[in-house]
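Below you'll find the structure, written out as structure tokens, and then a few comments.
The values are calculated or read from the model by the stated rules, or taken from the named source; none is laboratory data. Just so it is clear, the structure is predicted and the values come from calculations on it, not from any experiment. FYI the Cβ positions are ideal-geometry reconstructions off the backbone, even for glycines, and counts take in every protein chain you see.
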Amino acid sequence: MLPGKALKCHKCIAANENDCNKQGSHSCPQYADACSTITAPNSIIKSCSYKSFCEQARHGGSGAATLRCCFSDDCNGAPRGSRNGGGATALHPPSLLATALLGKLLLSCL
């Protein structure tokens, strides 16, 4: 990403990947440096995020949801081959709730 250029990420809350991707891509706040996808049974949240948040979530362990972070424009959109990604991280159920609330907060602020 070029200095001064905002990262673009897909942002959505939906029941499945297809419905989520239909909501499109948006410019992130200047300080966002990652795109995230949180997947749980019957729900998916995509948003702008932070590398530090992604790294902290990796310490979560196993759970019902996964978090995937990536670091290039629209990398959390519809799958199209290889991406600049950070891998999936399983989240504990309390982490899922906190992450879902953070996702909703991020989406409402952007």
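Structure values in brief
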read-out	value
Segment 22-73: number of residues that are buried (at least 17 other Cβ atoms within 10 Å of the Cβ) and charged (D, E, K, R)	4
Per-region count, segment 6-16, residues modelled with pLDDT of 90 or more and under 10 Å from C48 (Cβ atoms)	5
Identity of the residue in segment 5-16, in a strand (DSSP E or B) and among the hydrophobic types (A, V, I, L, M, F, W, C), that ends up farthest from the chain's Cα centre (by Cα)	A14
Residue within segment 92-99 that is more than 12 Å from the chain's Cα centre (by Cα) and modelled with pLDDT of 90 or more present	no
Residue that is nearest to the chain's Cα centre (by Cα) [pool: residues in segment 57-80 that are assigned to a loop (DSSP other than H, G, I, E, B), at pLDDT below 90 and more than 16 Å from E17 (Cα to Cα)]	R58
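A quick yes/no check of all residues on (1) closer than 16 Å to D73 by Cα; (2) part of a strand (DSSP E or B); (3) at pLDDT 95 or above; (4) not hydrophobic (A, V, I, L, M, F, W, C):
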site	(1), (2), (3), (4)
N18	no, no, no, yes
Q23	yes, no, no, yes
H26	yes, yes, no, yes
Y31	yes, no, no, yes
C35	yes, yes, yes, no
I38	no, yes, no, no
E55	no, no, no, yes
